[in-house]
1. Whole Å is fine, so just give me how far the alpha carbon centre of the range 1-50 lies from that of the range 245-315.
2. Please report the antiparallel percentage of the DSSP beta bridges confined to the range 147-273, to the nearest 5.
3. Please arrange 68, 169 by accessible surface area, largest first, computed with a 1.4 Å probe and ligands excluded.
4. With a ≥ b ≥ c the root eigenvalues of the C-alpha gyration tensor of the range 52-208, is it rounded (a/c under 1.5), prolate (a/b larger than b/c) or oblate?
5. Can you sort 165, 131 by solvent-accessible area, 1.4 Å probe, largest first?
6. Can you tally the lysine pairs in the chain where the Cα-Cα distance is under 23 Å and the two residues are eight or more apart, or on different chains?
7. With n ≥ 4 as the cut-off for DSSP H runs, can you work out [θ] at 222 nm for the chain, using -39500 (n - 2.57) per run divided by the number of residues, rounded to the nearest 500?
8. Measuring from label point to label point, each 7 Å out along Cα→Cβ, what is the residue 2 to residue 328 span in nm?
Amino acid sequence: MIDLLDRLSAHRSLSQDEWEALIPCADPLFWEEARCRALSVRDEVYGRNVFLRGLIEFTSFCRNDCYYCGLRRSSRSAERYRLGLGEIVDACRSGYEAGFRSFVLQGGEDPFFTDERMVPIVAAIRKAFPDAAITLSIGERSRESYKALREAGADRYLLRHETADEAHYRILHPQPMSLSERIGCLRTLKDLGYQTGAGMMIGSPGSSAHTLAEDMLLIAELQPEMVGIGPFIPHHDTPFSAERQGSVELTLRMLSLVRLLDPHVLLPATTALGTADADGLIKGLDAGANVIMPNLTPSPVRSKYLIYDGKKISGDEAAENLAMISAKLAAHGYRASTTRGDYIAY
Ligand code: SAH
């Protein structure tokens, strides 16, 4: 197995069969070696800097019906809210004053936020905070829409592919969603010059070493600047309510492998990881991650953006605890960076 790690480090890719052999490896020493190598390549590129993104979850409405997500259209218990332009800019301002220079606007696919409404929001943030990066995570839209948002000032876009396996994609999403549409959107985003984020849940129903191998092949081919990886966590009001939570250990291993595949990748220690494990943030960084996304969503609605049960919204996950987060990072040898945290190209 170590020879596969050597090959990965040297060539930055493996075949489907090789990934499929490596991912289920049961030898803890092998994974410790992979983790150490991931850390050393990360430190070479980014040092011990951890980039901060202030996350603003601005709408809990969604037209999609993804089987895993608590905000799916059919969820009756989901509390729906939307923030207006002023509230979003205010949230950015409080983050800016605390030192954030990177904002992520995330939401369900809410038809209310047409380009006519979304473009002015992006433009207002761009104007108010010219030195901050703007990331959108609002699902699948047309090329024209992505283009208009890019021109309004958006720099980055997060759109996890969720799984690169057709059959698995179908287990997770009802019609008319499709993997080819999703990947088409990712290619369009890259083409328009967005720093683009793909990614997948770990341990979602139907996943396997085979589907994870396909994820790694897609990532190797697409070369996204960011990869979001977190464990699947069931939500009580979804068809997957009785499914098992994804493994924290496997999530950490996949983080290390993605770091080895692209030493330059922007890799968050996700909220799902922090929810599944009280030490998820530090464990994620110690597996090769270099980004954290504290929550800047205003408190009256923050508890309503429930994509899975038990989602952490306080402590390490809360932007208002930035001083505490920075101290925790420092205690583990990391430095909270208040730069935009762009992808460093080769
Ligand atoms: N509507 C946007 C944002 C989705 S929420 C979009 O389509 O991109 C961001 C991510 O949360 C999703 O891409 C998914 O990977 C993750 N997620 C959703 N439900 C989850 C669950 N039950 N457990 C873990 N992660 C989940």
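The values are calculated or read from the model by the stated rules, or taken from the named source; none is laboratory data. As the structure is a prediction and not an experimental result, all values here were calculated from the model. Note that each Cβ is placed from the backbone with ideal geometry, even for glycine, and that neighbours are counted across all protein chains shown. The accessibility values were calculated without ligands, DNA or RNA, using every heavy atom of the protein model including side chains. Shrake-Rupley method; radii C 1.70, N 1.55, O 1.52, S 1.80 Å.
1. For the range 1-50 versus the range 245-315, the Cα centre distance is 20 Å.
2. Roughly 0 percent of the DSSP beta bridges within the range 147-273 come out antiparallel.
3. These residues rank, largest area first, as 68, 169.
4. In terms of gyration-tensor shape, prolate.
5. Result of the area sort, largest leading: 131, 165.
6. 8
7. Details: 14 runs with 148 residues, N = 346.
Rounded to the nearest 500, the figure is -13000 deg cm²/dmol.
8. Calculated label separation equals 3.5 nm.
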